[in-house]
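For reference, the structure is listed below as structure tokens.
The values are calculated or read from the model by the stated rules, or taken from the named source; none is laboratory data. It should be emphasised that the depicted structure is a prediction, and the values quoted were computed from it without experimental measurement. Because the Cβ atoms are built from the backbone with ideal geometry, glycine has one as well, and the counts that use them run over all protein chains shown. Surface accessibility is based on the protein's heavy atoms, side chains included, excluding ligands, DNA and RNA. Shrake-Rupley method; radii C 1.70, N 1.55, O 1.52, S 1.80 Å.
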Amino acid sequence: MNYNKQKNNNNSINNNKEMFWKKLAVILFWLCIWQFAAKYTNNSILLVGPIQAGHAFWENIFRPDFWNIVLHSFGRIGLGFLTALLTGIILGASAYRFKLIEAFLEPLMTVIKSVPVVSFVVLLLIWFGSANLSFFISFLVVLPNVYVNTIAGLRNTDRDLIQMAQVFHIGGLNRFFYIYRPAFMPYLMSALKISLGMSWKSGVAAEIIGLPQYSLGERLYMSKVYLDTAGLFSWTLIIILLSFAFEKAVLYLVKRFDIWEPIPVYGKKAGDKYVRDAVQGDKEENVQIYLKNICKSYNEQKVIDDFSYTFEQGGHYCLMAPSGAGKTTLLKLICGIESLDSGMIEGRPGHVGMVFQEDRLCERYNVITNIMLTAADSRSSGNEMAADVNKSTGAGKKADDFMKVRKEALCLLPESCLNKPVSELSGGMKRRCAILRAMLSGSEIIIMDEPFNGLDEENRRKAALYILERLNGRTLIITTHRDEDIELFNKLSPDIRKEMLVFSKRL
């Protein structure tokens, strides 16, 4: 295995060397063509060769005011770009969240995209003068691209993951970093790759028209006035290098932000009465979930029709029915991600630990991160994992939390898979990760929709035993169409309540 790895590394190094020499040969070829064309033209006003342009380039670099010129233009254009980037993201996120804001901003963005840049240049010269013209032009060129791509990226976020975050009450920072960010970043990168070059082209063009003092645009204009073709080429090369460096720096920082994985922030759930009482062992009253004459239809087809039932605190319930009978819909109604057509649900819990019919994991991130996204703090978890969480604070607390989650994950998963992205795991491993996430969420009730799908018999037994050991008096509602699953629970826990809900046609 080490031999194959070394062989692959050597092949990669050889390929990189070969690519380097190919690129160098291509560059030298075009430099020769350029030099030949300049020699053939034999007119330094019409065309200069790379040698003359290079000489002018070095002369300009060592000008006394060179860095003053570069910093003024770089500052104005760069600041315009960064201001547009932040403004576009904020406005795009606001428009995604509030339709009224999107409707209000749509005409403005249409005008900014449609009006020629030169028209804005003239207006801004009249209104503000030439000093900050390149800042405003860079801002106006970049803003619509970032705004539109921000909205598109956020709308591309997986709806199932948003529902999952709603059920588990995942906090705003965790939602942003682990649910919205993966969907949003490809669109932002696309906007940046387009906008970075445009911001420099439009910003320098604005400087050529406005001629602010100490600017790259002013230097290009003066080269034109004095027919200094070599100077024109040299200042153009400087602009290209600055634009290239700025683009690489921005893209590097954005990519680093994209792969950064802060330790998820635990939610504070101890205020919920059931959780507080469960931790303290002081239950003053019995908490029940009442379903009264509930109905639910999709496209005028009734899925649940006038169904009533009571789930008592601490009970273990299994809903058994044929596929399509409404089991999944019932669970969604209980946890609040579907709305009732009629009827009433009373005693609905504030927090639910749910295993969905689909795994609904953040596939880009590893098992530990997926669990910690929803894991409760020590005051609300109701399991031994978090019993000592509050013994440490700050970075030490986060490391301690991480190790406790890791210890729990090893109860159902092999150590080799814990640090892999969930997308690389098998279906059975993903299912066990979803079970761990639900059980460690500190929720008042555990709801599981076909929790053992994709598991072999041994892992079914381990998962069922883990669920029963971590319930700690919480209500358990599962769905299944396998009698074997109920038999498994009965063997592991004789007091399990098998609630066979009999259906004639529908739930």
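One table, with the values for the structure above:
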| quantity | calculated |
| --- | --- |
| Per-region count, segment 32-59, residues buried (at least 19 other Cβ atoms within 10 Å of the Cβ) and within 22 Å of LYS201 (Cβ to Cβ) | 3 |
| Every pair of residues 6+ apart whose Cβ atoms lie under 9 Å, when the first sits in segment 139-156 and is closer than 20 Å to ALA103 by Cβ and without any contact (Cβ under 8 Å) to a residue 12 or more places away in the chain while the second is of a type in the set (S, T, N, Q) and surrounded by fewer than 22 Cβ atoms within 10 Å (Cβ to Cβ) | none |
| Selected residue (only one of VAL389, VAL405 is among the β-branched types (Val, Ile, Thr), surrounded by 17 or more Cβ atoms within 10 Å (Cβ to Cβ) and modelled with pLDDT under 85) | VAL389 |
| Test: residue in segment 61-75 that is out of contact with any strand residue (DSSP E or B) (no Cβ under 7 Å at 6 or more places or on another chain), open to solvent by 40 Å² or more (accessible area, probe 1.4 Å), more than 22 Å from ALA206 (Cβ to Cβ) and at pLDDT below 85 | no |
| Failed criterion for ASN490 (all others in (1) surrounded by fewer than 18 Cβ atoms within 10 Å (Cβ to Cβ); (2) in contact (Cβ under 8 Å) with a residue 60 or more places away in the chain; (3) of a type outside the set (A, V, I, L, M); (4) in a helix (DSSP H, G or I) hold) | (2) |
| Search result, residues across segment 123-140 that are surrounded by 13 or more Cβ atoms within 10 Å (Cβ to Cβ) and part of a helix (DSSP H, G or I) | LEU124, LEU125, PHE128, LEU133, SER134, PHE135, PHE136, ILE137, SER138, PHE139, LEU140 |
| Candidate set from segment 94-116 (those that are touching a Leu at 6+ places or on another chain (Cβ under 7 Å) and open to solvent by less than 40 Å² (accessible area, probe 1.4 Å)); member that is nearest to SER73 (Cα to Cα) | ILE112 |
| Number of the condition not met by SER119 [criteria: (1) modelled with pLDDT of 95 or more; (2) loosely packed, with under 15 Cβ neighbours inside 10 Å; (3) of a type in the set (Gly, Ala, Ser)] | (1) |
| Selected residue [modelled with pLDDT under 95, in contact with a Lys or Arg (Cβ under 9 Å, 6 or more places away or on another chain) and among the aliphatic types (A, V, I, L, M)] from LEU133, LEU108, LEU124, LEU173 | LEU133 |
| Positions within segment 83-108 being in a helix (DSSP H, G or I), free of Cβ contacts under 8 Å to residues at least 40 places away in the same chain and not hydroxyl-bearing (Ser, Thr, Tyr), in sequence order | LEU86, ILE90, ARG97, LYS99, LEU100, ILE101, ALA103, PHE104, GLU106, PRO107, LEU108 |
| Close pairs (7 angstrom Cβ cut-off, 6 or more residues apart or separate chains): under 14 Å from VAL70 (Cβ atoms) in segment 204-223, open to solvent by 50 Å² or more (accessible area, probe 1.4 Å) and part of a helix (DSSP H, G or I) anywhere | TYR214/ASN68; TYR214/HIS72; SER215/HIS72; GLY217/ILE208; LEU220/ILE208; LEU220/LEU232 |
| Pairs, first in contact (Cβ under 8 Å) with a residue 12 or more places away in the chain in segment 176-190, second open to solvent by 50 Å² or more (accessible area, probe 1.4 Å), C-beta under 6 Å, six or more apart | PRO182/ARG364; ALA183/ASN156 |
| Helices (runs of 4 or more DSSP H) (entirely within segment 144-248) containing at least 1 residues that are open to solvent by less than 20 Å² (accessible area, probe 1.4 Å), of a type in the set (D, E, K, R) and farther than 25 Å from PHE104 by Cβ | 181-210 |
| Candidates LEU133, LEU123, filtered to the one that is in contact (Cβ under 8 Å) with a residue 40 or more places away in the chain and closer than 24 Å to GLY210 by Cβ | LEU133 |
